[in-house]
Each structure stands twice: as structure tokens, then as C-alpha cells.
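Attaching a single structure in C-alpha cells format; questions to follow.
The values are calculated or read from the model by the stated rules, or taken from the named source; none is laboratory data. This structure is a prediction, so every number in the text was calculated from the model and none was measured. Cβ coordinates were reconstructed from backbone atoms using ideal geometry, including for glycine residues, and neighbour counts include every protein chain displayed.
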Amino acid sequence: VKACLQQIEKTEPQIKALLAQNGEEALKLAAEMDKQGPDASKPLWGVPVVIKDVLATKGITTTCGSKILENFVPFYDATSIAKLKEAGAIIIAKANMDEFAMGSTTENSAYQTTRNPCDLNRVPGGSSGGSGATVTAGQCFAALGTDTGGSIRLPASFCGCVGVKPTYGRVSRYGMIAYGSSLDQIGPMTRTVEDSARVLNVIAGHDPRDSTSVNCEVPDYVGALGKRTDLSGLTIGLPEEYWGEGISEEVSEVCRNAIKKAEELGAKTVPVKLAMTEYAIATYYIIAMAEASSNLSRFDGIRYGHRTKNADELIDLYTKSRTEAFGDEVQRRIIIGTYVLSAGYYDAYYCKAAQIRRLMRNDFEKAFESCDLIAGPACPTTAFPVGELTADPLQMYLMDIFTISLNLVGMPGMSLPVGIGKDTNMPVGLQLMGPAFGETTMLQAAHVLE
Ligand code: GLN
């Protein structure tokens with residue numbers, strides 16, 4: 001804990017990965033644990049962790065990157081947090097993020113712009129950019145992120161760390177401030193695959209407080225890693241939609257080399273088709289914004305957070321509180337989400353998107369009939385300079401092209417750092433995707449390839 005806090009002191013003024021810090025409490029807890037001695041029943045005993053600020057942490061300010069929750073201190077822990085604590089992990093800080101997890105660069109945070117530790121002029125990716133940056137900067141040993149459309153995999157790819165989005169329902173969402181409830185998942189971001197497996201072992205599992213968490217056995221992800229030393233017998237599907245046009249040359253080169261390495265290690269590769277990829281951005285942004293507009297209606301200036309000082313009557317109070325405290329991107333999404341759900345447009349937009357979502361799921365299920373895992377780049381480019389895409393939300397949305405399909409179909413995926421791009425000198429992430437509850441094979445393959 002001390003070493004991590006020192007590293008925070010040294011690197012944080014430049015990187016700005018963190019919001020609330022919990023150093024003093026963390027040191028106290030660590031000292032107490034030291035006194036009692038190591039506890040083998042606690043798999044994360046004494047491990048310093050950082051938590052994305054979208055997760056409720058008892059007694060530690062939880063802002064979700066928004067001014068509307070500026071001074072919100074939860075009186076309870078999210079289930080994932082309770083499980084981390086139970087396993088002996090020590091929370092040292094909360095991580096910066098795009099406001100309400102809406103964004104791909106962490107520039108939408110209402111508080112600060114986090115920098116990529118590999119190049120301070122570049123973005124760390126988002127929306128879990130603080131989590132990616134804190135791990136890569138060596139400020140902690142593991143961070144939790146959340147992934148609604150790529151927010152774990154994209155920053156992992158940009159910062160050069162490992163990031164895992166589990167199957168929808170694998171990890172309880174209780175205590176996660178909802179963005180798109182049918183898409184959101186919590187997952188680990190770490191320096192190694194083994195560390196991610198360790199964290200996933202702890203946070204996975206059924207929770208009666210989240211009706212969408214699935215009641216099926218949690219395998220021992222860590223134990224499984226030792227059971228595979230090569231990739232023989234494994235078939236990896238390569239979707240042409242993920243390897244064709246639109247990918248930068250350096251990303252394509254590094255990812256192709258990683259696939260070559262997988263083949264040398266015994267994997268067989270086959271082409272697969274994910275024809276619905278073309279509609280992924282439109283479908284995702286309709287569904288995510290629709291769900292967001294509904295989820296964010298609870299921030300009304302009455303029950304939590306910011307309340308305007310100059311309201312004349314109730315409606316005026318709602319409007320002014322929300323206008324004052326929500327950022328531009330959040331307001332844009334509430335308006336679009338409300339529009340696609342409104343009578344008269346529901347059938348044309350939301351309902352169509354829900355139908356396409358089903359077809360996408362069929363695509364993936366069909367693809368997994370001929371392969372064990374699917375692989376492609378996590379993002380078309382490496383991390384780009386701060387400010388480059390802020391004026392163009394549509395360009396920003398396009399960055400999610402390779403990550404969002406998986407959230408729509410609920411399947412697990414991860415980004416594994418596989419090299420450095422020759423043009424930008426920045427990390428490149430290979431995305432591995434598995435069928436529902438196929439985390440074990442995915443983590444094993446990543447561990448062999450690492
Ligand atoms: N960039 C996507 C969005 O803005 C994904 C965000 C996420 O996964 N939380 O919606």
C-alpha cells in the first residue's frame with residue numbers, strides 16, 4: 001500500500017487518473033492486517049486496488065464523473081466492492097471516468113482529463129480511462145472498470161493493460177450506477193492475465209440483489225490457467241468485418257503478428273462472418289441512449305446530488321438542476337434516448353434496434369459453431385491525442401465499432417496487449433471474444449499468448 005501511495009504521489013500530478021483518494025484509511029487497514037498476519041482464506045489479502053467511480057463505495061465519495069453527484073457518499077458497498085473487501089483487497093482510490101460512463105476517452109469527465117501514462121499528450125481511452133491509466137502507471141495492482149460498449153477493453157487497449165468484460169450476468173451489477181442496464185458489466189483491469197483471473201474469481205457469482213446475475217457455478221479461473229501451455233486444439237475465428245477496411249496499418253500489423261503467434265502455438269484459424277457488424281454502432285447507440293435516458297431520470301435534484309438554487313416551482317427545479325449539473329454529452333444522450341422511446345418513434349428506432357440486436361446474437365452463435373474464440377483488434381487505432389475527437393461525437397462513437405457488438409449479445413471479451421504500433425509508438429490490444437460463460441478458455445488462451 002505504501003509503495004502504491006508513493007507511486008500515486010509521483011505520477012498523479014501528470015496523469016490525473018484518480019478522483020477521491022483513500023490513502024489514510026488504506027494505510028490504517030493495511031497496518032491492522034499486518035498485525036493480524038497473512039490470511040490464506042483471503043485470495044486478495046492486502047492487495048491495493050482502485051475502483052471506477054461508477055461503483056458505490058461505502059463512505060467514499062462516488063461521483064460517476066458527474067457534477068450531479070459531486071458530494072455523494074454512499075452508505076453501502078456495491079456487491080463487487082463487498083466481495084473485494086471480503087477477499088482482503090484494500091481500496092486506495094476511485095478512478096476518473098467519462099461522466100456516467102458515456103465516452104471513449106475520459107474527456108467527458110466533469111472533473112479532469114486523464115492522460116495516457118504511455119504518452120501524456122494522448123487519451124487513455126474510456127470510459128474506464130482512470131482505471132486503465134492507474135494500472136499502467138503502477139499506482140495499484142488491479143482496478144475495476146465497467147463495460148457497456150467497450151469501456152474496459154478500449155482503455156486497456158490504449159494503455160497497454162489487460163481488461164476483461166465478463167458475460168452479462170457473470171458479475172453482479174448491484175451498486176453500479178446504471179448506464180445501459182441490459183449492456184453494463186463490471187470487470188477487472190490489471191497488468192497480467194493471471195491478475196485479472198484472480199480478481200474475476202472474487203467478483204463473479206450470483207447475487208440475489210441483481211436479478212440479472214446468473215445463478216451458475218463460477219469456475220476457478222486462476223486454477224484453469226495452469227492447465228493450458230499451448231493453443232493446440234483451439235480454433236480461433238477471424239471475422240472479415242473486424243480485419244478489413246478502417247483499421248490503421250500499425251494496429252493491423254501488430255494484431256496479425258499476434259494471430260501468427262497463436263498459430264505457431266497450435267491454434268487453428270478460420271474465417272467467420274459477423275454480417276450485422278455494419279449496424280452495430282447505430283443499434284448500440286439507440287439502445288444505450290434509450291436505457292440511459294430512463295436510468296438518469298432518477299437524478300432530479302431532489303433525492304441526490306446537485307440542486308439548483310434558483311427554482312420557482314417543481315418542474316423548474318428539475319429542469320434547472322439537470323441543466324446545470326449534467327455535461328453536454330449526457331444531455332445529448334438523454335435527449336436522443338427520450339426521442340427514440342417516444343410514441344411515434346419507438347417502432348422506427350428502439351424496436352428496430354432491439355430486433356437487429358437479436359440478429360447480431362444469431363450471428364455470434366452461428367460463428368461460435370465453427371470456433372472456440374473470435375479474435376480481432378480491440379480498436380481501429382491506437383490512443384490518439386487529447387482533444388482530437390472532442391468536437392465530433394460521431395467520430396468518437398465510431399471508435400467503438402469492434403467492442404459494442406459483444407455487449408449487445410451479452411458475451412465475454414477482453415483486450416490483451418500484444419505489441420506497440422510502429423507509427424504512434426503506442427500499445428495495441430488484441431480482442432479475444434468467447435461464447436456466453438466462456439471466460440475460462442478466453443483467459444487461458446490470453447495467458448498462453450501473453
Ligand atoms: N464509448 C461507449 C459509449 O460512450 C461505451 C461506453 C461504455 O462502455 N461505458 O457509450
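Cβ contacts < 6 Å: first residue more than 22 Å from Leu265 (Cα to Cα), restricted to the stretch 230-244; second residue in a helix (DSSP H, G or I), any location; separation 6+ or different chain. Result?
These pairs meet every condition: Glu241/Thr277.
Please go through the stretch 415-438 and give me each residue that is closer than 16 Å to Cys371 by Cβ and under 17 Å from the mean Cα position of the chain (by Cα), ordered by number.
Within the stretch 415-438, Leu430, Gln431, Leu432, Met433, Gly434 meet the criteria.
Taking the criterion of being more than 23 Å from Ala325 (Cβ to Cβ), of a type outside the set (Phe, Trp, Tyr) and crowded, with 24+ Cβ neighbours inside 10 Å, would at least one residue in the stretch 50-64 satisfy it?
Taking every residue of the stretch 50-64 in turn, at least one turns out to be more than 23 Å from Ala325 (Cβ to Cβ), of a type outside the set (Phe, Trp, Tyr) and crowded, with 24+ Cβ neighbours inside 10 Å.
Give the stretch 213-261 a look and list any residue that's surrounded by 13 or more Cβ atoms within 10 Å (Cβ to Cβ), β-branched (Val, Ile, Thr) and more than 22 Å from the chain's Cα centre (by Cα), or say none.
Residues satisfying the conditions are Thr235, Ile236, Val254, Ile259.
Looking for whichever is touching a strand residue (DSSP E or B) at 6+ places or on another chain (Cβ under 9 Å), among the hydroxyl-bearing types (Ser, Thr, Tyr) and in a helix (DSSP H, G or I) here; the options are Thr319, Thr283, Thr338, Thr277. Which one fits?
Of Thr319, Thr283, Thr338, Thr277, the one residue that is touching a strand residue (DSSP E or B) at 6+ places or on another chain (Cβ under 9 Å), among the hydroxyl-bearing types (Ser, Thr, Tyr) and in a helix (DSSP H, G or I) is Thr277.
Got a sec? Which of Leu443, Leu406, Leu416 is farther than 17 Å from Ser128 by Cβ and among the aliphatic types (A, V, I, L, M)? Before the answer, list the steps.
Details: Leu406 fails: farther than 17 Å from Ser128 by Cβ; Leu416 fails: farther than 17 Å from Ser128 by Cβ.
So the residue among Leu443, Leu406, Leu416 that is farther than 17 Å from Ser128 by Cβ and among the aliphatic types (A, V, I, L, M) is Leu443.
Let me ask something else. Please list, ordered by first then second residue, the pairs with beta carbon atoms under 9 Å, 6 or more apart or interchain, first in the stretch 272-283 and under 14 Å from Trp243 (Cβ atoms), second among the polar types (S, T, N, Q) and assigned to a helix (DSSP H, G or I).
Note: pairs meeting the criteria are Leu274/Ser405; Thr277/Ser405.
Now a separate question. What is the one condition in (1) closer than 19 Å to Asp147 by Cα; (2) in contact with a helix residue (DSSP H, G or I) (Cβ under 9 Å, 6 or more places away or on another chain); (3) at pLDDT 95 or above that Met426 does not satisfy?
Condition (1) is where Met426 drops out.
Would you please name the residue that is farthest from Gly180 (Cα to Cα), looking only at residues in the stretch 403-450 that are part of a strand (DSSP E or B) and small (Gly, Ala, Ser)?
Out of the qualifying residues, it is Gly419.
Return yes when Glu291 is assigned to a helix (DSSP H, G or I), of a type in the set (D, E, K, R) and without any contact (Cβ under 8 Å) to a residue 40 or more places away in the chain and no when it is not.
no
Name, by its number, the condition in (1) in contact with a strand residue (DSSP E or B) (Cβ under 7 Å, 6 or more places away or on another chain); (2) under 21 Å from Gly126 (Cβ atoms) that does not hold for Arg332.
Among (1) in contact with a strand residue (DSSP E or B) (Cβ under 7 Å, 6 or more places away or on another chain); (2) under 21 Å from Gly126 (Cβ atoms), the lone unmet condition for Arg332 is (1).
What single numbered condition from (1) surrounded by fewer than 17 Cβ atoms within 10 Å (Cβ to Cβ); (2) more than 16 Å from the ligand (Cβ to nearest atom); (3) assigned to a helix (DSSP H, G or I) fails to hold for Ser370?
The number of the failed condition is (3).
Among (1) within 22 Å of the chain's Cα centre (by Cα); (2) closer than 14 Å to Ala446 by Cα, there is one condition Leu265 misses while meeting the rest; what is its number?
It fails just one condition, (1).
Which of the residues belonging to the stretch 248-273 are assigned to a helix (DSSP H, G or I) and of a type in the set (A, V, I, L, M, F, W, C)?
Val251, Val254, Cys255, Ala258, Ile259, Ala262
Next question, about the same structure. Given the options Glu249, Glu217, Glu241, Glu245, name the one that is more than 16 Å from the ligand (Cβ to nearest atom), in contact with a helix residue (DSSP H, G or I) (Cβ under 6 Å, 6 or more places away or on another chain) and more than 21 Å from Thr57 (Cβ to Cβ).
Glu241
Looking at (1) within 22 Å of Lys16 (Cβ to Cβ); (2) away from the ligand (no atom under 16 Å from the Cβ); (3) among the charged types (D, E, K, R), which is the one condition that is false for Asp207?
(1)
Among the residues of the stretch 294-312, are any within 16 Å of the ligand (Cβ to nearest atom), of a type in the set (D, E, K, R) and either part of a loop (DSSP other than H, G, I, E, B) or touching a residue at least 60 places away in the same chain (Cβ under 8 Å) (or both)? Walk me through how you get there before you give the answer.
Just the residues of the stretch 294-312 that are within 16 Å of the ligand (Cβ to nearest atom), to begin with: 294-296.
Remaining after also requiring of a type in the set (D, E, K, R): none.
No, the stretch 294-312 contains no residue that is within 16 Å of the ligand (Cβ to nearest atom), of a type in the set (D, E, K, R) and either part of a loop (DSSP other than H, G, I, E, B) or touching a residue at least 60 places away in the same chain (Cβ under 8 Å) (or both).
Somewhere in the stretch 389-396, is a residue free of Cβ contacts under 8 Å to residues at least 60 places away in the same chain, among the acidic types (Asp, Glu) and away from the ligand (no atom under 16 Å from the Cβ)?
no
Can you list the strands (runs of 3 or more DSSP E) found entirely within the stretch 76-193 that contain at least 3 residues being surrounded by fewer than 24 Cβ atoms within 10 Å (Cβ to Cβ) and away from the ligand (no atom under 16 Å from the Cβ)? Explain how you work it out, then say what you get.
Details: elements: 90-95, 142-147, 162-165, 185-190.
By residue number, no strands (runs of 3 or more DSSP E) qualify.
If you go through the stretch 435-450, how many residues are under 19 Å from Gly266 (Cβ atoms) and buried (at least 24 other Cβ atoms within 10 Å of the Cβ)?
Total satisfying the criteria: 4.
For the stretch 14-60, name all the residues that are in a loop (DSSP other than H, G, I, E, B), closer than 10 Å to Gly88 by Cβ and not small (Gly, Ala, Ser).
Once the filter is applied, which keeps residues that are in a loop (DSSP other than H, G, I, E, B), closer than 10 Å to Gly88 by Cβ and not small (Gly, Ala, Ser), the stretch 14-60 yields Pro38, Asp39, Lys42, Pro43, Leu44, Trp45, Val47.
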